[in-house]
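The values are calculated or read from the model by the stated rules, or taken from the named source; none is laboratory data. What you see is a predicted model; the values in this text were computed from it and never measured. Virtual Cβ from ideal backbone geometry, glycine too; neighbours counted across all protein chains shown.
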């Protein structure tokens, strides 16, 4: 089973560039979310979605956009990358929400120069 | 605002020891608690999920408890093994949002 797949695994950007981090799950999960993990700060929620067409902000949404056109995919967009967005990004999914075990991808390591 | 604290930040023990990892939170209005394991360079793996109405969950050598009145959760690992070496994170949730602790980095020495 593929589970949660994130691409790319590594990326280096220049300040001001844009890019999309991809996340796909094959478990027919309704709930999907994006986190960033920074040293000493733990994981912080960026955006989440409770189903296709429904998204909402998490703790640190500024500088990031999301959309959910299908159940399977939940891409995260950086419109104008900043060095402060250098981090490891994780996508997670669960069947219905926080009452179910969360399944995580292996992460995207992003560096902004 | 919910804050989650994990103590200690790092722990090194000899193989075979029983150990307890601690997680404390400030807001008792939680829905669920989940413990995760993270190996270096990898994502998180869910270990145990405790619903708000429950007090503990067990899986193999792992036991997690939740005490909402004291704002604490503990993860008990019995008979630790070198393969248990990883970072362990706890996370508390409201309806749709998780708040994570910063983790305890565990090293089990052979």
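Could you tell me whether any residue of segment B:97-110 is in contact (Cβ under 8 Å) with a residue 12 or more places away in the chain, assigned to a loop (DSSP other than H, G, I, E, B), in contact with a helix residue (DSSP H, G or I) (Cβ under 8 Å, 6 or more places away or on another chain) and more than 28 Å from residue A:10 (Cβ to Cβ)? Yes, some residue in segment B:97-110 is in contact (Cβ under 8 Å) with a residue 12 or more places away in the chain, assigned to a loop (DSSP other than H, G, I, E, B), in contact with a helix residue (DSSP H, G or I) (Cβ under 8 Å, 6 or more places away or on another chain) and more than 28 Å from residue A:10 (Cβ to Cβ). Taking strands (runs of 3 or more DSSP E) as the structural unit, those lying wholly within segment A:45-113 and holding at least 3 residues that are crowded, with 20+ Cβ neighbours inside 10 Å and within 11 Å of another protein chain (Cβ to nearest Cβ) correspond to A:87-94. Only residues that are part of a loop (DSSP other than H, G, I, E, B) and more than 13 Å from chain A (Cβ to nearest Cβ) were counted in segment B:30-74, giving 7.
Listed conditions (1) part of a strand (DSSP E or B); (2) more than 14 Å from chain B (Cβ to nearest Cβ); (3) within 23 Å of residue B:41 (Cα to Cα) are all met by residue A:37, apart from (2).
In the set (1) touching a residue at least 60 places away in the same chain (Cβ under 8 Å); (2) surrounded by fewer than 18 Cβ atoms within 10 Å (Cβ to Cβ), the condition left unmet by residue A:6 is number (2).
Every listed requirement among (1) modelled with pLDDT under 95; (2) surrounded by 19 or more Cβ atoms within 10 Å (Cβ to Cβ) is met by residue A:23 save one, (1).
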